[in-house]
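> Got a structure for you, questions after.
The values are calculated or read from the model by the stated rules, or taken from the named source; none is laboratory data. The shown structure was predicted, so the numbers you read here are calculated from the model rather than taken from an experiment. Here the Cβ positions follow ideal geometry from the backbone for every residue, glycine too, while neighbour counts run over all protein chains shown.
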Amino acid sequence: MVQCTNTKSRRNVILFLCLLLLFSSFAGILFGSVSLSPAEVIRTLLAGDIHSTAGILIRTVRIPRVLGGLFAGIGLACAGVILQGVMNNSLASPNTIGVNSGSGFAVMFAMMLFPANASVVPFFAFGGAFLTSLFVFLLAYLGDSSRTTIILAGITISSFFNAGMNAIKLIDSEISINLTSFMVGSLSGLTLTSLLLPCCCILAAFFLSLLLARSLNILGLGDDIAGSLGMRVPLTRLMLLLLASIMAGCVVSYAGLLSFIGLIVPHICRQLFGNDARFLLPCSALLGGSFVLLCDLAGRVLFAPFELPAGILMAFIGGPFFLYLLLKKKGGRRIHA
Amino acid sequence: MLEYRHVSVSCRRTPILKDVSLSFPTGKITTLIGPNGCGKTTLLQCLNGMSTVTSGKILLDGVDYLKLSPRERAQRLSFLPQVRTLIPSLPVKTLVEHGRFPYLGFSRKKTKSDADLVQAAMDFTNVNRYALQPVDTLSGGTRQRVFFAMTLAQDCNIIVLDEPTTYLDLESQRNFLDMLKELRRQGKTIILTLHDLNHAFRISDHIAVMKGSEILHFETPDQCLKSDIIEKVFHVKWKRFEDQDGAYYFFE
């Protein structure tokens, strides 16, 4: 495993990730069912020309989509880093342990109860995510279950909630949601107003998690060492789970159950930076954002004029990667092993 | 001085520690010995919060230790738990820097004195040349020294070690005990558990013998050997040999 531990190569990789993110954001605005020329985009963005066709397209479709993808990547990747650290399990991620499904179920539930009020959705999404992650964590902690047991429990929880989501769709056929694209995760049809609240929450949770990065590192040394170093272990755990749930829940509230980002991205960053959460969190955020944007872009461009939801492409890439992790026997092991 | 007063610990109504009263003299090495499962680890773990004291008090220089916040405790007393199963793949230096965690402010910024203490701890334990190497690539003996360096970076006057020499080879054990003697010379109070009775008797100023959740005896090594407590608790006979380096003990 090649790890860049010295500061210079670290800085280079971070710089590269930043550029990648900028590039993918710009590409996300540029390409789509109607391709725009770079000159056109720059002119529209700089001049604030909002009445031309290109201006309307950029403002109402492309920018919300790029923002949505960006924050989905940040939220899920960081939630993945935190969950892996808190559970000390390299296979944990919002979607493998069922947090996404729990949140998705809560979203559907909110839509059934309050069909007219879309602003409650993010709160339900967060609540669902938090209760599920707390449940899985207690299962792991109290039951002293093995690493793979947690993943199996996660799969069980996922299918339980997926069944719940299907049930809600059948009971309430009026519900304004496209179940197929919600279950696989998609970034189409976003608006700036619907994104405002979730994105602010993700951003806030992201910065708070940076403050807790060192604590996350220390948690990885085991409860006894963390306690000896003067950390309030249960409190810190709870706060980290809370942050991960806010991030995962907010993403689910607008993008559905995007899979695998929370697993793949932290893994790649671990290979690059080792296990130091102070680098892992920001880098996973950068890479996660780029990854979602590129997947979404590919889904729009590859089969144009048809559009594949971002989630499908992610699953196509993520599934084999997950298998690769399992076969490498990295899976099921502690992250610190 | 660290003082246990009538401390009891029970877990699901099973007593693990029964009415322990004990003072650990300042600037000395005190070793807890006793058969497996007699409560040595529990007794120590009252100090890092991994065991909850059900009744009794622990006083540190007259202050109620258990009422201090975890952070304040970690600034006064450092604790190295038993053999690690979680070996982080962090660089050695990063791990040792974790020892400064109890002192970091909200901004989590390191100061010059933090850096100096980390460096001093790494020099003392002789792990400097591994500074950038991940801990999980090191041998067991070196790992233990790295964790010990982290404990020392906490810069506390009281150092508690739970079986620090288990799984170390003879030379590493001897080096480790030499470090403890040096720390005592610097005025630190050291509290540890050991299974090797010879080592315990050679380095300790005081020995606490535990059996069945209780402290049976608390004395200097010589007094301890004169009473027949060792024969009773461990069912062994002992012999003492002496040369210019001091006394050696054999237990059979």
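> Looking at (1) more than 14 Å from chain B (Cβ to nearest Cβ); (2) over 19 Å from A:L67 (Cβ atoms); (3) part of a loop (DSSP other than H, G, I, E, B), which is the one condition that is false for A:N275?
It fails just one condition, (1).
> Only one of A:G274, A:G256, A:G220 is within 15 Å of the chain's Cα centre (by Cα) and not basic (K, R); which? Full working, then the answer.
Values: A:G274 fails: within 15 Å of the chain's Cα centre (by Cα); A:G220 fails: within 15 Å of the chain's Cα centre (by Cα).
The conditions single out A:G256.
> So, one more: Name every residue in the stretch B:40-74 that is surrounded by fewer than 17 Cβ atoms within 10 Å (Cβ to Cβ), within 12 Å of chain A (Cβ to nearest Cβ) and modelled with pLDDT of 90 or more, in order of residue number.
Result: B:S69, B:R71, B:E72.
> If you take the residues of the stretch A:209-230 that are farther than 24 Å from A:S245 by Cβ and not in a helix (DSSP H, G or I), which of them is nearest to the other protein chains (Cβ to nearest Cβ)?
Looking at the filtered set, the residue picked out is A:G230.
> Tell me which of these A:M247 doesn't satisfy, since it passes every other one: (1) within 14 Å of chain B (Cβ to nearest Cβ); (2) assigned to a helix (DSSP H, G or I).
For A:M247, the failing item is (1).
> Check every one of the helices (runs of 4 or more DSSP H) wholly within the stretch B:119-205 and list those with 3 or more residues that are without any contact (Cβ under 8 Å) to a residue 40 or more places away in the chain. Give the derivation first.
Numbers: elements: B:140-153, B:170-185, B:197-203.
Of the helices (runs of 4 or more DSSP H) lying wholly inside the stretch B:119-205, those with at least 3 residues that are without any contact (Cβ under 8 Å) to a residue 40 or more places away in the chain span B:140-153, B:170-185.
> Spot the failing condition for A:V233; the list is (1) in contact with a helix residue (DSSP H, G or I) (Cβ under 9 Å, 6 or more places away or on another chain); (2) free of Cβ contacts under 8 Å to residues at least 40 places away in the same chain; (3) away from chain B (no Cβ under 14 Å), and only one is missed.
That leaves (3) as the condition not met.
> Mind listing just one residue for me: the one in the stretch A:158-174 that is within 22 Å of A:G75 (Cβ to Cβ) and among the polar types (S, T, N, Q) and, of those, surrounded by the fewest Cβ atoms within 10 Å (Cβ to Cβ)? Can you show your working first?
The first filter runs over the stretch A:158-174 and keeps only residues within 22 Å of A:G75 (Cβ to Cβ), leaving A:158, A:161-162, A:165.
Those left that are additionally among the polar types (S, T, N, Q): A:158, A:162.
Details: A:S158: 23, A:N162: 16.
Checking each candidate, the answer is A:N162.
> Give A:L113, A:L138, A:L131, A:L142 a once-over and let me know the one that is hydrophobic (A, V, I, L, M, F, W, C) and modelled with pLDDT under 80.
Numbers: A:L113 fails: modelled with pLDDT under 80; A:L138 fails: modelled with pLDDT under 80; A:L131 fails: modelled with pLDDT under 80.
Of A:L113, A:L138, A:L131, A:L142, the one residue that is hydrophobic (A, V, I, L, M, F, W, C) and modelled with pLDDT under 80 is A:L142.
> Closer than 25 Å to B:N48 by Cβ and at pLDDT 85 or above, is that true of A:M239? I'd like the intermediate steps shown before the answer.
On the way: closer than 25 Å to B:N48 by Cβ: yes; at pLDDT 85 or above: yes.
So A:M239 passes the test.
> Just to be sure I understand, how many residues within the stretch B:222-246 are aromatic (F, W, Y) and without any contact (Cβ under 8 Å) to a residue 40 or more places away in the chain?
The first filter runs over the stretch B:222-246 and keeps only residues aromatic (F, W, Y), leaving B:234, B:238, B:241.
Narrowing further to those that are without any contact (Cβ under 8 Å) to a residue 40 or more places away in the chain: B:241.
Number satisfying all stated conditions: 1.
> Moving to a separate point now. Among the residues of the stretch A:221-236, write down those that are of a type outside the set (V, I, T) and touching a Gly at 6+ places or on another chain (Cβ under 6 Å).
Result: A:G227, single match.
> Which members of the stretch A:191-207 meet the condition of being modelled with pLDDT under 90 and among the aliphatic types (A, V, I, L, M)?
If the condition is that a residue be modelled with pLDDT under 90 and among the aliphatic types (A, V, I, L, M), then A:L192, A:L195, A:L196, A:L197 are the ones that fit.
> Right, another one. For the stretch B:1-39, which positions are modelled with pLDDT under 90 and of a type in the set (S, T, N, Q)?
Scanning the stretch B:1-39 gives B:S10, B:T14, B:N36.
> Identify, please: which residue in the stretch A:180-208 is outside any helix (DSSP H, G or I) and under 16 Å from the mean Cα position of the chain (by Cα) and is, among those, surrounded by the most Cβ atoms within 10 Å (Cβ to Cβ)?
Only one residue tops the list, namely A:G185.
> Considering each of B:S113, B:S139, B:S89 in turn, give the residue that is within 14 Å of chain A (Cβ to nearest Cβ) and among the small types (G, A, S). So that I can check it myself, show each step before the final result.
Working: B:S113 fails: within 14 Å of chain A (Cβ to nearest Cβ); B:S139 fails: within 14 Å of chain A (Cβ to nearest Cβ).
Going through B:S113, B:S139, B:S89 in turn, the sole match is B:S89.
> Among the listed residues A:I150, A:I177, which satisfies the condition of being modelled with pLDDT under 80, among the hydrophobic types (A, V, I, L, M, F, W, C) and crowded, with 22+ Cβ neighbours inside 10 Å?
Numbers: A:I177 fails: crowded, with 22+ Cβ neighbours inside 10 Å.
Going through A:I150, A:I177 in turn, just one is modelled with pLDDT under 80, among the hydrophobic types (A, V, I, L, M, F, W, C) and crowded, with 22+ Cβ neighbours inside 10 Å: A:I150.
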